[in-house]
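Working notes, structure below.
Computed from the coordinates by the stated procedures, all read-outs in this text should not be read as laboratory data. Small disclaimer: the values here were computed from a predicted structure and weren't measured. Using ideal geometry, Cβ is built from the backbone for each residue, glycine included, and neighbour counts are taken over all protein chains shown.
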Amino acid sequence: MVALPLSLGDENKRQLSPDLVASYRRDLGVGEPLGFLRPWQKLVQGKRLGTSSQGVTGAELLTKLASSMAVGLVAVVMALCWAFAYALLRWSVRRAQAVAIEELVPALAFGTPVFIPALLLAPHAVEAGHFLPELAAALVISVWPGIFLGTLVADSFKTELAREYVRAARSKGLSQRRVMVRHVLPNVLPTLLDSIPPVATALLAGSFAAERVLGLPYFGQLYVLAVLQKQIAVVVVATTLFASVLVLVRLIVGLARWLVDPRAREPVPGETTP
Amino acid sequence: MTRRLPAATRFLLVGAALLLVLWALSFAVAVLRPSAFARLCPLGSDVLRPDSSVCALAFGGVWISLSVGLLAGAAATVAGFGVASIARIFGGWVDAVLMRSADALFALPDVLVLMVLQFAAQTAGDLHPRLRINPVPLMILSLAMVGWAAPARLFRDRLETLERAEFVGAARALGAGHWHVLNRHLWPFLRDYALGIFLSRVPAAILAESTISFLGIGKIEPMSLGRYLGTSYASLLYGEGVRIVLPAWVLLILIVLGASLAGRGASALAEH
């Protein structure tokens with residue numbers, strides 16, 4: 001158990017020492033023109049952000065971010081497995097049971113904060129080592145995004161399969177497989193692409209609690225510790241990095257959607273093209 | 001012969017009743033009769049606080065989690081409605097700027113923004129004691145500042161749809177101002193919708209609060225469910241994790257289920 005205790009902190013620690021206040025001013029360049037860029041200047045110069053041993057260099061920060069993203073990528077695979085399993089479950093159950101599965105499973109997944117399954121897995125995973133904490137973290141953060149994706153996939157396929165073009169294609173003699181691959185899938189793909197940014201957001205957000213509980217010294221834990229220890233410069237840089245990753249994901253998804261969906265390339269009604 | 005209630009009304013009533021019962025029982029246990037649960041609790045006493053039972057600590061946290069969630073949900077809904085109204089009244093670039101801001105905030109995880117807000121407010125309070133805010137109002141304020149984006153987007157789109165109706169055009173042609181149209185003609189169509197949005201914000205607020213409190217960043221007193229779990233972390237070392245974690249988990253799910261059911265019912269009623 002790396003991170004004990006989580007919140008039995010002494011309130012007196014909130015009384016800041018003059019040294020710490022001075023470090024705040026120094027880190028943020030208070031009173032200096034463009035002082036808010038000071039953390040970035042230190043980062044580029046290879047200096048340590050934050051105070052003493054609790055700080056972090058730019059290289060360490062990037063390594064931790066890459067490690068968190070690697071855990072996130074494993075979680076994406078797991079989320080796809082959850083999504084596939086849940087969509088199959090919804091397809092296979094009878095109508096009477098469908099309501100219970102469509103209501104209860106998402107409520108259970110949404111109503112369970114990441115830290116609860118992490119707490120239950122932590123005693124077994126942390127002691128075992130051998131990447132088991134990483135796998136446990138990926139598992140606990142993948143549940144809600146997986147069920148969300150599964151709901152979306154099942155609903156999209158259900159909607160598309162009920163459309164007239166599917167019946168028309170079948171009546172012209174196309175096989176079910178060909179109809180799915182050539183007609184249904186291209187229409188479902190934009191919905192799936194649109195779901196990637198919220199899934200990426202949920203996965204990265206889940207990493208804060210999962211990494212903290214499972215003692216993974218990556219970006220999520222670094223961020224929580226920086227907030228708890230009031231490392232202003234680390235929080236500023238880490239927040240910007242985190243937001244940049246999400247913007248990058250949205251940009252890539254936007255480009256992919258533009259390539260995949262012809263409707264995305266059509267001009268918006270009312271907008272004039274040069 | 002009794003008439004069966006519509007599904008939407010049943011969802012709303014069951015969800016609201018679940019929330020009310022949980023809140024009232026928890027408040028009674030935690031505030032009115034704290035000693036009663038200590039004797040009856042089958043889960044024994046807490047590892048770190050031997051003078052308190054697990055039942056009293058977990059169940060006692062329900063009312064504070066629920067209160068924070070309800071107040072934050074209400075504040076986020078009111079703020080979202082305010083932003084949407086301003087966006088529709090002024091239109092043009094004001095509308096575009098407000099909605100792009102909402103979209104930008106919506107793209108970031110609630111937990112991250114909450115951590116930043118709590119961090120900023122706590123640091124400001126440490127540097128200038130006059131700016132220090134009590135943790136409970138600070139949490140409600142932070143949750144409202146995080147949660148206004150989705151209601152603003154939903155209200156704005158609904159207002160835009162309603163404004164195309166003939167009766168709104170007729171009222172404007174007769175000289176009615178923006179405030180009059182909003183208050184007298186549009187609000188009656190928005191009441192159930194607003195209730196649905198408010199109830200849908202409650203579980204999100206409760207979950208975000210529980211995560212922040214669990215991480216030790218929000219220091220709510222009396223302890224919410226998340227803070228209780230965060231402070232009981234060490235009990236896992238003694239193999240007591242399941243006894244401590246499971247009751248709080250079940251209670252969190254019940255709260256979220258109640259709010260989700262009520263929200264779904266209210267949204268379905270608004271659609272009709």
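For the protein assembly as shown, the 222 nm mean residue ellipticity estimated from helices alone, with every DSSP H stretch of n ≥ 4 adding -39500 (n - 2.57) and the total spread over all residues, rounds to -24500 deg cm²/dmol.
Can you tell me the FRET efficiency between B:His128 and A:Val181 if r is taken as the Cβ-Cβ distance and R0 is 41 Å, rounded to the nearest 0.05? E(calc), rounded to 0.05, equals 0.05.
Taking label points 7 Å from Cα along the Cα-to-Cβ direction, A:Leu189 and B:Thr9 give a separation of 4.8 nm. All Cα-Cα separations within region B:180-272 were binned at 5 Å from zero, giving a P(r) of 3, 13, 16, 16, 14, 10, 9, 8, 6, 3, 2, 1, 0, each value a whole percent of the pairs. Peptides B:159-169, B:193-203, ordered by how many other C-beta atoms sit within 10 Å of their residues on average, highest first, read B:193-203, B:159-169. Taking chain B as a Gaussian network of alpha-carbon nodes connected by springs under 10 Å, the highest mean-square fluctuation of the residues B:Asp51, B:Asp192, B:Asp110 belongs to B:Asp51. Semi-axes of the equivalent ellipsoid for region A:127-194, computed as √(5λ) from the eigenvalues of its C-alpha gyration tensor and ordered from largest down, come to 38, 12, 8 Å. Region A:111-185 and region B:242-265 have Cα centres spaced 23 Å apart. For the protein assembly as shown, the number of Lys pairs separated by eight or more positions or lying on different chains, with C-alpha atoms closer than 22 Å, is 9.
For the options B:Ala76, B:Ala56, B:Ala28, a Gaussian network treatment of chain B with springs between C-alpha atoms closer than 10 Å singles out B:Ala28 as fluctuating the most.
Projected onto planes of every orientation and averaged, the convex hull of the alpha-carbon atoms in chain B covers 19.6 nm². By the beta carbon rule, with partners counted only under 4.7 Å, the protein assembly as shown holds these lone Cys residues: A:Cys81.
Which of B:Ser65, B:Ser224, B:Ser52 moves most in a GNM of chain B, Cα contacts under 10 Å? Its mean-square fluctuation being the largest, the pick is B:Ser52. The mean number of partner chain beta-carbon atoms within 10 angstrom of a residue's beta-carbon across peptide B:209-215 is 6. Mean per-residue shielding of peptide B:125-133 is 2, counting Cβ atoms of other chains within 10 Å of each Cβ. The angle between the Cα long axis of helix B:135-147 and the longest principal axis of the Cα atoms of chain B comes to about 40 degrees, rounded to the nearest 10. Within the shell defined by Cβ-Cβ distances under 13 Å, the residues around B:Ala165 carry a net charge of 0, with Lys and Arg each +1 and Asp and Glu each -1. Put in order of Cβ neighbour count within 10 Å, fewest first, the listed residues A:Thr240, B:Thr77 become A:Thr240, B:Thr77. Counting only Cα atoms, the size of region B:1-142 along its three principal axes is 65, 63, 25 Å, in decreasing order. Translational diffusion of region B:123-241, estimated by Stokes-Einstein from the Kirkwood radius over alpha carbon pairs at 10 °C in a medium of 1.306 mPa s, is 89 µm² per second. In this label model, A:Leu108 and A:Asp19 are separated by 5.2 nm, measuring between points 7 Å along each Cα→Cβ vector. Taking the inverse of the mean reciprocal distance over all distinct Cα pairs, the Kirkwood hydrodynamic radius of the protein assembly as shown comes to 25.6 Å. Out of every Cα-Cα pair that region B:56-107 contains, those further apart than 15 angstrom amount to 61 percent.
Each label point was placed 7 Å from the Cα along the Cα-to-Cβ direction; for A:Leu248 and A:Arg26 their separation is 3.1 nm.
Hydrodynamic analysis of chain A uses the Kirkwood radius over alpha carbon pairs. Inserted into Stokes-Einstein at 37 °C and 0.692 mPa s, it gives a translational diffusion coefficient of 150 µm²/s. Take each residue in B:221-233, count the other chain C-beta atoms within 10 Å of its C-beta, and the mean is 4.
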